[in-house]
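The structure appears right after this line, and notes come after that.
The values are calculated or read from the model by the stated rules, or taken from the named source; none is laboratory data. Owing to the predicted nature of the structure, the values given are computational and were not obtained by experimental measurement. As a convention, Cβ positions derive from the backbone with ideal geometry for all residues, glycine included, and neighbour counts pool all protein chains shown.
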Protein chains: 2
Amino acid sequence: MPDARKLQKEPPGPVVFIIDDDLSMREALTDLFRSMKFDAEAFESATAFMETANFNRPGCILLDVRLPGVSGLDFQTQLERIGCQMPIVFMTGFGDIPMSVRAMKAGAVDFLTKPFKDQDILDAVAAAMERDAARRRQSAQSEAVASLAGSLTPREREVMEAVVKGLMNKQIAYELGISEVTVKLHRGNVMRKMEVRSVAELVRKTEMLGEGERPPVS
Amino acid sequence: MPDARKLQKEPPGPVVFIIDDDLSMREALTDLFRSMKFDAEAFESATAFMETANFNRPGCILLDVRLPGVSGLDFQTQLERIGCQMPIVFMTGFGDIPMSVRAMKAGAVDFLTKPFKDQDILDAVAAAMERDAARRRQSAQSEAVASLAGSLTPREREVMEAVVKGLMNKQIAYELGISEVTVKLHRGNVMRKMEVRSVAELVRKTEMLGEGERPPVS
DNA sequence: ATCTAACCTATACATAGGTGTGGTTCGCTG
DNA sequence: CAGCGAACCACACCTATGTATAGGTTAGAT
């Protein structure tokens, strides 16, 4: 991750990224959200957003379906693929049902038809922020665990997996072809490095490992 | 559960419940699904469905949005409230975007606009069946665990909770105000009744307890 | 060549967990 | 009241786990 420093320095306040080709809409929305507690940044196109925005910030995206270049729906797919998990609220003046259904199936928070009331978009953004915060909590937890697990040696990892499977030391020893004392040694290291003091805690921590991750890019 | 016997006797094949006030549509869909591997049952209205259908069967619901009496969307809410978790595929000839979004947010599998191609509804139903099967697997597992846990005495349950928290026997003994030997006794009973042979397994089983349930009705 | 990390082993002791036998008490129910 | 199940305790015995000490080998880095 080459831009880790940049991410660290970002302000923690949630931001609303507005992507719409209509200038007056961008201004209206920017004003609206700044009048609330939120940061707001507006972009004219998907490419402008991709070039400028830091999409690892806490926040959400307000996305117009009809954009110059790629459509909002395709852009949603694109964001998904590069690992941007920011919740998306769609807006459209000329939409149809299949479009909205596709967006919702792909995980959109809401799909608003223009014109909408201020309250509608505020509610949608609130829901999106809530979803983002939840995902972020989950993700932070699982990264913390992954970081601990990263300090394990390969052997310790094997032992840990066997322990959470419920195997006894002697079984682990047999399976790995080593002596029971060595298993105890590794096991002790695992407990220390994973910062747990019981098998129960260890099981719960390891269960968070296969969940919150999404490889950034390839 | 007064109708448990009835549920047991139902055939296991997945069924498509079709709810549409248009007779020709009902017939066409019934024929279509019967020509595939599915059972199909058609209803003219939501009330007819509620009176006749066994909605604990594996299957899904094809629901027209515009119905005599309650709307399809309200009916969705209603089903949710009474604990019917069958996946719903909406169909409509006269829908709008907010309608489809509301349905999708409430968990609908799909929202098709009439006229649709056979393949569209077949795909949607396949997805719905898949979702139902997944939910059913999950639910069956968690019921099996709940059943095991149901055979525990109150004290054994307390001990189990303490064990999965990672407490040691002596801590459990202190917290419950009993001796350590008694804790061991209860603990042994817990392991036997829950059909596990390690704390790791026990933790995993208990983690399935607060998930798959939904009280049928009040 | 030396150092280090990762891996392995052994002995020894301490603590934790599991099982069995036997017995007490209480409250409920036939 | 007798029987039963739940909950409790104790003693004894065994197994499993944890920790510490004191080593050993190997592969890769300095």
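With respect to residue B:76, determine if the residue is more than 14 Å from chain A (Cβ to nearest Cβ) and touching a helix residue (DSSP H, G or I) at 6+ places or on another chain (Cβ under 9 Å). Here the answer is yes, as residue B:76 does meet what is asked. Within region B:33-64, take every residue that is without any contact (Cβ under 8 Å) to a residue 60 or more places away in the chain, aromatic (Phe, Trp, Tyr) and not in a loop (DSSP other than H, G, I, E, B) and give me the one that is farthest from residue B:135 (Cα to Cα). Top of the filtered list is B:43.
When residue B:122 is tested against (1) more than 16 Å from DNA strand C (Cβ to nearest atom); (2) away from chain A (no Cβ under 14 Å); (3) more than 30 Å from residue B:92 (Cβ to Cβ), just one condition goes unmet, and that condition is (3).
Per the conditions (1) within 14 Å of another protein chain (Cβ to nearest Cβ); (2) within 15 Å of DNA strand C (Cβ to nearest atom); (3) farther than 23 Å from residue B:210 by Cα, the sole criterion not satisfied by residue B:181 is (1). Take the conditions within 13 Å of DNA strand C (Cβ to nearest atom), among the hydroxyl-bearing types (Ser, Thr, Tyr) and surrounded by fewer than 13 Cβ atoms within 10 Å (Cβ to Cβ) and apply them to residue B:153. Does it pass? Judged against the criteria, residue B:153 is a match. Residues of region B:84-119 that are within 11 Å of chain A (Cβ to nearest Cβ) and among the polar types (S, T, N, Q): B:92, B:100, B:113. Give me the pairs, please: first residue somewhere in region B:172-184 and within 11 Å of residue B:162 (Cβ to Cβ), second residue anywhere and more than 9 Å from DNA strand C (Cβ to nearest atom) and assigned to a loop (DSSP other than H, G, I, E, B), beta-carbon distance under 6 Å, and either six or more positions apart or on two chains. If the second residue must be more than 9 Å from DNA strand C (Cβ to nearest atom) and assigned to a loop (DSSP other than H, G, I, E, B), the pairs left are B:173/B:179. Test of understanding: among B:81, B:66, B:102, which residue is over 30 Å from residue A:114 (Cβ atoms) and surrounded by fewer than 21 Cβ atoms within 10 Å (Cβ to Cβ)? Step by step, each of B:81, B:66, B:102 is checked, and only B:81 is over 30 Å from residue A:114 (Cβ atoms) and surrounded by fewer than 21 Cβ atoms within 10 Å (Cβ to Cβ). Against the test of being in contact with a strand residue (DSSP E or B) (Cβ under 6 Å, 6 or more places away or on another chain) and aromatic (Phe, Trp, Tyr), the options B:55, B:43 yield a single qualifying residue, B:43.
Close Cβ contacts (under 7 Å, 6 or more residues apart or on different chains) running from residues in region A:151-167 that are within 11 Å of chain B (Cβ to nearest Cβ) and on the phi > 0 side of the Ramachandran plot to residues that are within 13 Å of DNA strand D (Cβ to nearest atom) and part of a helix (DSSP H, G or I) comprise A:166/B:200; A:166/B:201. Pairing each residue of region A:83-96 that is assigned by TED's automatic domain parsing to the domain that holds residue A:112 with any residue that is in a loop (DSSP other than H, G, I, E, B) and aromatic (Phe, Trp, Tyr), provided the two are 6+ apart or on different chains, yields C-beta distances under 6 Å for A:84/A:55; A:86/A:55. Annotation: of all residues in region B:184-199 being more than 7 Å from DNA strand C (Cβ to nearest atom) and surrounded by 15 or more Cβ atoms within 10 Å (Cβ to Cβ), the one that is nearest to the other protein chains (Cβ to nearest Cβ) is B:198.
Yes or no, residue by residue, for (1) over 18 Å from residue B:100 (Cα atoms); (2) out of contact with any Gly (no Cβ under 7 Å at 6 or more places or on another chain); (3) of a type in the set (D, E, K, R):
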{"site": "A:80", "(1), (2), (3)": "yes, yes, yes"}
{"site": "A:83", "(1), (2), (3)": "yes, yes, no"}
{"site": "A:87", "(1), (2), (3)": "yes, yes, no"}
{"site": "A:94", "(1), (2), (3)": "no, yes, no"}
{"site": "A:106", "(1), (2), (3)": "no, yes, no"}
{"site": "A:111", "(1), (2), (3)": "no, yes, no"}
{"site": "A:116", "(1), (2), (3)": "no, yes, no"}
{"site": "A:133", "(1), (2), (3)": "yes, yes, no"}
